[in-house]
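Down below is the structure, laid out as structure tokens.
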Amino acid sequence: MAGYFRFRSLTVCFTVLLVFATAAAARQDPGAQLKALDWIEGPATAQLGNIAQIEVPEGFRFVGKPGAGKFMELIQNPSDGSELGVLLSPDSWFVVFDFSAQGYVKDDDRDLDADAILSTIKEGTAYANKERRKRGWSELQVLGWHEAPHYDAETNNLTWSIRGQSDDGENINHATRLLGRRGVMNVDLVMGPEQAEAALPEFNEMLTQFEFKPGSKYSDFTRGDKVAEYGLAGLVVGGAGVALVKSGLLQKFGKLIIVAFVAIAGALKKLFAKLTGRGEAPAHG
């Protein structure tokens with residue numbers, strides 16, 4: 001009987017160790033962690049906090065808080081906790097949503113100096129690279145505009161695209177800022193250059209299904225509401241710009257630049273393959 005209990009005890013211990021080992025392996029495997037997030041499959045209506053909502057198209061997946069922040073970390077991007085959601089395309093490009101409650105952004109500086117803005121972004125990226133080196137991640141280089149900043153006064157949307165490069169190749173960060181009453185919804189599309197032709201029309205169509213909730217629209221602004229300390233140019237460089245990057249207060253600036261150049265064609269595509277089951281190599285025994 002004593003031997004039986006020793007056997008049972010060893011079996012239980014082995015089972016517990018196996019569970020912990022499996023959990024540890026899952027923690028170390030970014031693909032498994034990515035798959036474990038609380039994804040919603042489209043078609044569905046996804047909530048972006050209590051600020052807005054977006055329609056998730058058929059075939060797409062969406063994860064809200066806190067999964068969106070975990071997603072950013074898994075693809076080697078510092079998370080500041082402001083991410084409200086990530087929309088993942090079956091074609092391996094993705095969109096990040098986060099809301100900056102900096103107040104109502106006046107749009108009277110519509111004559112944007114693209115060269116000066118790009119110079120500021122490059123300086124900010126140099127500071128962001130210091131953080132990337134600390135984490136053992138590849139550094140980034142801003143190559144230039146894919147689409148210079150431009151503002152649509154009808155929709156109150158500010159849009160631009162940056163071409164960037166890391167050790168894993170070249171990518172494009174297509175950014176749209178949706179101006180609201182109390183701040184700005186930051187919407188960043190991350191894709192490889194070869195994906196732009198197909199991804200941009202789908203992205204733009206998706207944005208037509210974005211909606212601020214009642215009372216939060218740009219047109220809902222009333223006297224006495226908080227007003228941001230900067231305008232449209234400040235949005236492109238990440239708010240108050242490089243001064244905050246130097247002070248370490250604007251992690252978001254680094255994130256917006258960093259997220260632009262994740263290797264969609266390399267490691268990230270492999271992660272997506274594990275999540276979607278598409279393009280995976282057959283298992284070998």
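The values are calculated or read from the model by the stated rules, or taken from the named source; none is laboratory data. This structure is a prediction, so every number in the text was calculated from the model and none was measured. Neighbour counts run over all protein chains shown; Cβ positions are idealised from the backbone, glycine included. Surface accessibility is based on the protein's heavy atoms, side chains included, excluding ligands, DNA and RNA. Shrake-Rupley method; radii C 1.70, N 1.55, O 1.52, S 1.80 Å.
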Study note, to complete from the structure: A student applying the Cα gyration tensor rule (rounded when a/c is under 1.5; otherwise prolate if a/b is larger than b/c, oblate if not) would label region 42-145 oblate
Check your understanding: P(r) of region 48-95 in 10 Å steps, Cα pairs, percent per bin?
Key -> 27, 54, 20
Check your understanding: How do 47-54, 169-176, 226-233 rank on mean C-beta neighbours within 10 Å, highest first?
Key -> 169-176, 47-54, 226-233
Study note, to complete from the structure: Sorted by chain and number, the residues with a modelled amide H under 5 Å from that of Ile40, at a separation of 5 or more or across chains, are Phe62, Val63
Exercise for review: Could you please tell me the mean projected area of the C-alpha convex hull for region 94-212, averaged over all directions and given in square nanometres to one decimal?
Suggested key: 8.1
Check your understanding: Given the C-alpha centroids of region 27-106 and region 135-195, what is the distance between them in whole angstrom?
Key -> 16
Practice item. Take every Cα-Cα distance within region 121-179, group them into 5 Å bins from 0 onward, and report for each bin the whole-number percent of pairs it holds. Key: 5, 17, 21, 21, 15, 11, 7, 3, 1
Practice item. Give me the percent of the accessible area of region 158-240 that comes from carbon and sulfur atoms, probe 1.4 Å, all protein chains in place. Key: 46
Revision key, fill the gap. Residue-normalised value, i.e. accessible area per residue, for region 104-218 at 1.4 Å probe, in Å², stands at 47
